[in-house]
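Heads up, the thing below is written out as structure tokens.
No lab work stands behind these numbers, since they all come straight from the coordinates. Model, not experiment: these values are computed from the prediction. Positions of Cβ are generated from backbone atoms using ideal geometry, with glycine treated the same way; all protein chains shown enter the neighbour counts.
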Amino acid sequence: MATATKLRTREDVLQVARAATKSYVSTAVTIQINDAWCKGCTICVEFCPKDVLVMNRLDKVEVKSLEACTKCMRCEQLCPDFAIVVFGEPGKSKS
């Protein structure tokens, strides 16, 4: 009988989360997406006003056009699984 790996400490959980996180970085914004937490619900894709996000063939979200991101934070705020984090001042465009 197979047994599941148990996460025993906070650091174990953080290590798993880091391993599943992809970062998309530009001078104006950074978007981090945790594939382990994303359930593929498409809420973030549907509500992005600039079509920055798309669903890939594995039904996980990924960034299509980072430069179009206005940092409105809708994807981060609406994600029911907290799988998306947007870094950068909301509403500020690069100078």
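Annotations for the structure displayed:
- Set side by side, the residues Leu66, Leu78, Leu58 differ, and just one is among the aliphatic types (A, V, I, L, M), out of contact with any helix residue (DSSP H, G or I) (no Cβ under 9 Å at 6 or more places or on another chain) and surrounded by 12 or more Cβ atoms within 10 Å (Cβ to Cβ), which is Leu66.
Residue-by-condition table, conditions (1) under 15 Å from Thr21 (Cβ atoms); (2) surrounded by 13 or more Cβ atoms within 10 Å (Cβ to Cβ):
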| residue | (1), (2) |
| --- | --- |
| Thr42 | no, yes |
| Asp51 | no, no |
| Val54 | no, yes |
| Glu62 | yes, yes |
| Lys71 | no, yes |
| Ile84 | yes, yes |
